[in-house]
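Comments concern the structure below.
The values are calculated or read from the model by the stated rules, or taken from the named source; none is laboratory data. All values reported here derive from a predicted model rather than from experimental measurement. Neighbour counts are summed over all protein chains in view; Cβ atoms, including those assigned to glycine, are modelled from backbone coordinates with ideal geometry.
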Amino acid sequence: MRKIHIFDTTLRDGEQSPGVNLNTREKLEIAYQLEKLGVDRMEAGFPAASPGDLAAVNAIARAVKNSTVIGLSRSREQDIEAVREALQGAQDPCIHLFLATSPIHRQHKLRMDKAQVLDTARSAIRYAKRYFSKIEFSLEDAGRTEHDFLVEVTSMAVQEGAAVVNIPDTVGYLYPEEYGNLFRILKTQVPDIEKVQLSAHCHNDLGMATANTLAAIMNGADQIEGTVNGIGERAGNTAIEEIAMALETRQELFGAKTTLELSEIARTSRLVSRLTGMVVPGNKAIVGANAFAHESGIHQDGMLKEKTTYEIMTPETIGLKESKLVLGKHSGRHAFREKLVELGFILEEDEVNRAFAQFKDLADKKKEVTDDDLIALLEEKLVDS
Ligand code: KIV
Ligand code: ZN
């Protein structure tokens, strides 16, 4: 099966989430956990951004042994020098160069024409080659770049010896078919395209980052970029746990897999949430508190009979102990009775019926009826009778 390389950018694009600021110790803690999760590549930071980030990238470069450590750089010499310094001591260093290619960015941000963009990118790759044998080049805002210019810049990056060419949908603008089409175009129109790995990097502004990334995989992407819990600029980046589990769950569809240690997903999610302060919404796919929780009576009854009725993945796969049956106003008698047994209450049928009615009264007043609520209710009932 085709391997999809995972490029984790929690410590760079993820740290660009408004309000997030990780110190070196926190970044190192996350880096060690990402290594356990088995990410192939981790972008540790943007060394030219601040002396603190340079120091953090260097600490990670020296500590991490089993993942490629990457530093981000604009296409300018000063930045490349900063990445060179930051990646000293790395087992497998890689520089990530980028330059915007879309007309909007060329005109308003860079104030460059196409020829200048091409020249600047080429010079940066050549300069970086003095120090790095592994170079990734990103065409920032590739999603809004003219297709012929996309082919031209990618062809240049291939000829200049980049190892990976990344096609970011920087502003989360594209629809899956459009994004997948970019990969199809590059695969068919760029000479020697097989010499590089093509990478997908999506943002979630319209909620399509995961779908777009999967469309890229369908159309030949070798690497995907994303963050744990999908954190990142604005609405965030592709959540790597979503890609890993989509490929795992729908193997017959994608015919591709990651080599992530899936059972480390839940732990990694919790660590990133705690250290960044970014709370994971309850309904977040894969790692939200409700992702393996069931409240309605019909679903709980199905789950108690056969888990695959309402679960397409097992919680154990991502390192959780078990699914949760949450007792609330939609819950039914089947789950209620199971809970009584679990809590050690053996009741006659009519007692169960009375207790169930009282439970429903309580559930109307509370979002979730906890084990403690139930014990209090049942003990009170037993004392009363
Ligand atoms: O979204 C983006 O375009 C980026 C680049 C720096 C790769 O994060
Ligand atoms: Zn990005």
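Determine if segment 162-171 includes at least one residue that is more than 19 Å from the chain's Cα centre (by Cα) and surrounded by fewer than 22 Cβ atoms within 10 Å (Cβ to Cβ).
Yes, segment 162-171 contains at least one residue that is more than 19 Å from the chain's Cα centre (by Cα) and surrounded by fewer than 22 Cβ atoms within 10 Å (Cβ to Cβ).
So that you can scan it fast, the table gives a plain yes or no per residue for (1) within 19 Å of S269 (Cα to Cα); (2) at pLDDT below 95; (3) within 16 Å of ligand 2 (Cβ to nearest atom):
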{"site": "Y32", "(1), (2), (3)": "yes, no, no"}
{"site": "E35", "(1), (2), (3)": "yes, no, no"}
{"site": "S50", "(1), (2), (3)": "no, no, no"}
{"site": "V57", "(1), (2), (3)": "no, no, no"}
{"site": "L72", "(1), (2), (3)": "no, no, yes"}
{"site": "A82", "(1), (2), (3)": "no, no, no"}
{"site": "P93", "(1), (2), (3)": "no, no, no"}
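What residue, of E140, E146, is in contact with a Ser or Thr (Cβ under 6 Å, 6 or more places away or on another chain) and either surrounded by fewer than 24 Cβ atoms within 10 Å (Cβ to Cβ) or not basic (K, R) (or both)?
E140
Is it the case that some residue within segment 107-125 is hydroxyl-bearing (S, T, Y) and buried (at least 18 other Cβ atoms within 10 Å of the Cβ)?
Taking segment 107-125 first, the residues hydroxyl-bearing (S, T, Y) are 120, 123.
Add one more test, that the residue is buried (at least 18 other Cβ atoms within 10 Å of the Cβ), and what stays is none.
Taking every residue of segment 107-125 in turn, none turns out to be hydroxyl-bearing (S, T, Y) and buried (at least 18 other Cβ atoms within 10 Å of the Cβ).
Output the residues belonging to segment 1-33 that are closer than 23 Å to T170 by Cβ and either among the charged types (D, E, K, R) or part of a helix (DSSP H, G or I) (or both).
Residues satisfying the conditions are D8, R12, D13, E15.
Scan segment 22-49 for residues that are farther than 22 Å from L260 by Cβ, touching a residue at least 24 places away in the same chain (Cβ under 8 Å) and among the hydrophobic types (A, V, I, L, M, F, W, C) and jot them down.
Listed by number, the residues that qualify are F46, A48.
Within segment 2-19, restricting attention to residues that are surrounded by 16 or more Cβ atoms within 10 Å (Cβ to Cβ) and over 18 Å from P93 (Cα atoms), which residue is farthest from ligand 2 (Cβ to nearest atom)?
Per the criteria, the residue is I4.
Identify all residues within segment 176-196 that are in contact with a Leu (Cβ under 8 Å, 6 or more places away or on another chain) and either within 16 Å of ligand 2 (Cβ to nearest atom) or outside any helix (DSSP H, G or I) (or both); write none if there are none.
L182, the sole residue that qualifies.
Step by step: first the residues of segment 148-175, then only those that are within 16 Å of ligand 2 (Cβ to nearest atom) and polar (S, T, N, Q), then the one that is farthest from I125 (Cα to Cα). Which residue is that?
T170
Scan segment 331-348 and report the pairs whose first residue is more than 12 Å from V369 (Cβ to Cβ) and whose second residue is among the polar types (S, T, N, Q), with Cβ atoms within less than 9 Å and a gap of 6+ or a chain change.
Close Cβ pairs (under 9 Å, with a partner that is among the polar types (S, T, N, Q)) amount to G332/S296; G332/Q300; R333/N353; H334/Q300; E338/Q300.
Of the residues that make up segment 196-203, is at least one modelled with pLDDT of 95 or more, closer than 21 Å to L37 by Cβ, in contact with a Cys (Cβ under 9 Å, 6 or more places away or on another chain) and buried (at least 20 other Cβ atoms within 10 Å of the Cβ)?
no
Could you figure out which of (1) away from ligand 2 (no atom under 11 Å from the Cβ); (2) farther than 18 Å from H147 by Cβ isn't true of H203?
(1)
Select from segment 131-175 the residues that are in a strand (DSSP E or B) and closer than 15 Å to C94 by Cβ and write down the one among them that is farthest from ligand 1 (Cβ to nearest atom).
I135
Looking only at segment 230-268, filter to residues that are in a loop (DSSP other than H, G, I, E, B) and either without any contact (Cβ under 8 Å) to a residue 12 or more places away in the chain or within 16 Å of ligand 2 (Cβ to nearest atom) (or both); which one of those is nearest to the chain's Cα centre (by Cα)?
Going residue by residue through segment 230-268, those that are in a loop (DSSP other than H, G, I, E, B) are 231-236, 238, 250, 255, 258-261.
Now narrow it down to the ones that are either without any contact (Cβ under 8 Å) to a residue 12 or more places away in the chain or within 16 Å of ligand 2 (Cβ to nearest atom) (or both): 231-236, 238, 250.
Working: I231: 7, G232: 10, E233: 13, R234: 15, A235: 12, G236: 9, T238: 5, R250: 17 Å.
If we take residues in segment 230-268 being in a loop (DSSP other than H, G, I, E, B) and either without any contact (Cβ under 8 Å) to a residue 12 or more places away in the chain or within 16 Å of ligand 2 (Cβ to nearest atom) (or both), then T238 is nearest to the chain's Cα centre (by Cα).
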